[in-house]
């Protein structure tokens, strides 16, 4: 006579299946943490670029608001990282204190229609890091004030 007992079905995971599942989970977790770390690094770079732009724009605005006859006094002005102040002498936000800035003023005429020369100056605000290297700059050309007859 034949065996009339039903065959037993084994349930559960084998060792190999467990190892494969663990490996897949480890890869997924590593990918997630790598993406988070990469996102954070990109956010820090973006924050530094924003701080650089705001610091440069702030100083350029101060120079442009100053007396036009005394703009050349700004040539060579330098602020070291950690010592940035606004027009009232108040320290700028901590995020901007990672950079320094300096002003350079260059005499430069502009030509219009190849016949008219307008004397003026280019104001260059450079943003520097803690090693003194230029990390960004912004410039604006302004005409010389017209002299009175």
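The numbers here are math on the coordinates, done by the rules we state, and not lab data. This structure is a prediction, so every number in the text was calculated from the model and none was measured. Counting neighbours? That spans all protein chains shown, and the Cβs are built from the backbone with ideal geometry, glycine included.
Residues 96, 91, arranged from fewest to most other Cβ atoms within 10 angstrom of their Cβ, appear as 91, 96. Here the ratio of the Cα radius of gyration of the chain to 2.2 N^0.38 Å is 2.16.
As a footprinting exposure proxy, order 59, 84, 50 by other Cβ within 10 Å, with the fewest listed first. Can you show the working numbers first?
Values: 59 26, 84 21, 50 12.
Sorted ascending by nearby Cβ count, the order is 50, 84, 59.
Pairs of Cα atoms under 8 Å, at least six residues apart: use those to get the relative contact order of the chain, whole percent.
Working: 180 pairs, mean separation 27.0, N = 149.
Once normalised by length, the contact order is 18 percent.
Placing dummy labels 7 Å off each Cα toward the beta-carbon, the span from residue 24 to residue 37 is 2.5 nm. Considering helices alone, the calculated mean residue ellipticity of the chain at 222 nm is -13000 deg cm²/dmol, with DSSP H runs of length four and up weighted by -39500 (n - 2.57) and normalised per residue. Going by neighbour counts of Cβ atoms within 10 Å, the residues 141, 74 line up, fewest first, as 141, 74.
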